[in-house]
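The values are calculated or read from the model by the stated rules, or taken from the named source; none is laboratory data. Keep in mind the model is a prediction, meaning the values are calculated, not measured. All Cβ positions, even for glycine, are placed from backbone atoms using ideal geometry, and neighbour counts span all protein chains on display. We work out accessible area using only protein heavy atoms, side chains counted, and drop any ligands, DNA or RNA first. Shrake-Rupley method; radii C 1.70, N 1.55, O 1.52, S 1.80 Å.
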Amino acid sequence: MTATTDAAPLAASASIERRYYAAMAVPFAVDTISDSVYALLHRAPEILFPALLIASCFLLVGVGLGAWWLIRPIMRFVSGEVSFEQIEPQLARLPYNSAIVVGVLYTPMLTMRVLSHQLGITFGATLEPTQLADAIATIVVGSLFNVVLTYFVVSAYFDRLCEHLFRMHGVNMATFHGRFRNKVALAMVFLSLSGLVLLAADIASYSGTRLIREATSDIALTLTGAAFVYYWISQALTRPIDRLDGGLRRVAEDDYSVRLPVTTNDELGHAPSRFNQMVEGLAEREYLRDTFGKYVSESVATAILDNSGRSGRAVDTTAEATLMFTDIEGFTGLSEAATPTEIAALLNTYLGTVVPVIQRHGGVVNNFIGDGLFASFNLPLPLAHHAEAAVNAALEIQLALAATPFAGKAGLRTRIGINTGLVIGVTIGAENRLSYTLLGDAVNVASRIEQLNKKFGTTILAAESTVLAAGAIDSCERLGVTDMRGHRGNIVVYRVGPPA
């Protein structure tokens, strides 16, 4: 099993190395095609073998040695001999250095071929000598074409290489000193002018049948070369864009685990690098929202994290809301007869029953207060029919508690007080310790109403403001008017639900 597992990365690395040598052999393949076309047009097949022999020396042996020298540091990293930081500069310049190697070797080879008559090398063929203007144009255009072609062929290979290093070794480039738009612009200008330069040199150098033959050859080679370069430019351009588009689609589906390989040292590489930073930020934000939401309401956490001012505070808000306070009946006696572990288990079961009901009805649990809690409807989470939602939540809480066993005991009874009124949602506290809370007379009244359950022997009491807002006046029992400590004026209270 281990041998098989180890063999897979080694095979992948070997394949990556072979692909590089194949990419560097593309100039030889193009040269073979051009030699064949030239021999065919000049009806001199005898020149083909010697030309290919010379090309093999320069473009296979020479370029092969240069390719080995360039890829060697990267393969040393793959084998674990050096760190990524040590080879990153060479990696980032691989397409550029590869093009230089081809240019350095192709130029003297082409010069030797073009000036073969002047050098006394005829390959056994009776070919007419090349004029100086045509020779210079052919050497310059031919050499530059192979430099451009090699750069984009290796760039396309480089995309797969960096993807392999990212997938297998978890590394990404952070070197961005190139400009893709400049590279493409120079390549387009060169391809646009190269054919014109060759034609102009032909016209200046030849006439008659020779001019037609030379012009036909140059046009055919220019079109073929342009097709090669356009193809490899599209490969170098489209793969990073397609990969980025796929990553964005996954993020849109809330997948924050996606990371992209950086496969160029220019804008096309900077984009996935920025994408990775963005996704890491979104993942951290989601983690904070999830973790923070376990300690405060998720809606409060969202409000704080979405605060455009980045002050770490939720925006202060004034709105009408329905407030709910709960308290376990007889909790003091229960706590005296049970161990701390049993009390903790009981409270967790209690809150695990009550909180989901409140949230299901659109409410927000703001605080846990001993054996009770304080919840709100419509602030900080907007809710259209908040009073009705609070009343329905209170009724469902009682039903859920009655059906839930607590530490082997029968269902707990809890007292609930509800009030509707104007409140202020604010962030309070010191610089290093903040808390989001609701303030206002309506909050105090809701707390007092919960305590009035003892006086009336009820389990759910609501202020008249809540009953009217909920449209529940016909299903609730009016218990009377009561004064409220700390509140100006009396409060009319109603019993909600079946008789106690």
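Got a sec to turn the phi values of segment 258-268 into Karplus ³J(HN,Hα) couplings, 6.51 cos²θ - 1.76 cosθ + 1.60 with θ = phi - 60°, whole Hz, x for Gly and Pro?
Using θ = phi - 60°, the values come out as 6, 9, 10, x, 8, 10, 9, 9, 10, 4, 5 Hz.
Could you give the Stokes-Einstein D for segment 172-222 in µm² per second, using the C-alpha Kirkwood radius, 37 °C, 0.692 mPa s?
Details: Rh = 13.1 Å.
Estimated via Stokes-Einstein, D reaches 250 µm²/s.
Sorted by packing (mean other beta-carbon atoms within 10 Å per residue), highest first, where do 339-351, 441-453 land?
Result, highest mean Cβ count within 10 Å first: 441-453, 339-351.
If you find the alpha carbon centre of segment 129-143 and of segment 196-269, how far apart are they in angstrom?
If you average the Cα positions of each part, the centres end up 24 Å apart.
To the nearest 0.05, how large is the calculated FRET efficiency for Phe84 and Arg179 if R₀ is 22 Å and r is the Cβ-Cβ distance?
E between Phe84 and Arg179, to the nearest 0.05, is 0.35.
Could you work out how far apart the two model spin labels at Ile219 and Ile473 are, taking each label as a point 7 Å from the Cα in the direction of the beta carbon, and quote it in nm?
9.5 nm
Give me log10 I(q)/I(0) at q = 0.13, 0.17, 0.19, 0.30 Å⁻¹ for segment 321-373, Debye formula, one equal scatterer per alpha-carbon, no solvent.
Listed by q, the Debye log ratios stand at -0.35, -0.56, -0.68, -1.28.
Largest first, what is the accessible-area ranking of Phe331, Phe374 with a 1.4 Å probe?
I get Phe331, Phe374, largest accessible area first.
When you count, for each residue, the other Cβ atoms within 10 Å and take the mean per peptide, how do 24-35, 247-258 rank with the highest first?
Top of the packing list down: 24-35, 247-258.
Over all directions, what mean area does the Cα convex hull of the chain project, stated in square nanometres?
That works out to 37.9 nm².
State the dimensionless ratio Rg/Rh of segment 52-211 (Rg: radius of gyration of Cα atoms; Rh: Kirkwood radius).
Working: Rg = 19.8 Å, Rh = 18.2 Å.
Radius of gyration relative to Kirkwood radius: 1.09.
With a 1.4 Å probe and all protein chains left in place, how much of the accessible area of the chain comes from carbon and sulfur atoms, in whole percent? Intermediate values should be presented prior to the final figure.
Values: 15180 of 25080 Å².
After summing per-atom areas, the C and S share lands at 61 percent.
With every protein chain left in place, what is the accessible area per residue of the chain in square angstrom, probe 1.4 Å?
Counting only protein heavy atoms, the per-residue value for the chain is 50 Å².
Using helices alone, I'd like the mean residue ellipticity at 222 nm for the chain: each DSSP H run of four-plus residues gives -39500 (n - 2.57), total over residue count, nearest 500.
That calculation yields -21000 deg cm²/dmol at 222 nm.
If each of Leu211 and Arg250 carries a label point 7 Å out from its Cα toward its Cβ, how far apart are those two points in nm?
6.1 nm
If you count, for each residue, the other Cβ atoms within 10 Å and average over each peptide, how do 85-91, 470-476 line up from highest to lowest?
The densest-packed peptide leads the list: 85-91, 470-476.
Restricting the count to DSSP beta bridges whose residues both fall in the chain, what percent are antiparallel, rounded to a multiple of 5? Write out the running numbers ahead of the final one.
Working: 40 of 43 bridges.
Counting DSSP beta bridges with both partners in the chain, the antiparallel share is about 95 percent.
Would you mind giving the three semi-axes, in whole Å and largest first, of the ellipsoid equivalent to segment 335-399 according to its Cα gyration tensor? Working shown, then result.
On the way: eigenvalues 140, 27, 13 Å².
With the √(5λ) rule applied to segment 335-399, the semi-axes are 26, 12, 8 Å.
Please give the FRET efficiency for Met188 paired with Thr318, using the beta carbon to beta carbon distance and R0 = 60 Å, rounded to the nearest 0.05. Don't skip to the end; give the middle numbers.
On the way: r = 61 Å, r/R0 = 1.02.
After rounding to 0.05, the efficiency reads 0.45.
For segment 60-120, what is the convex hull (Cα atoms) projected area averaged across all directions, in square nanometres?
Projected over every direction and averaged, the Cα hull of segment 60-120 covers 4.8 nm².
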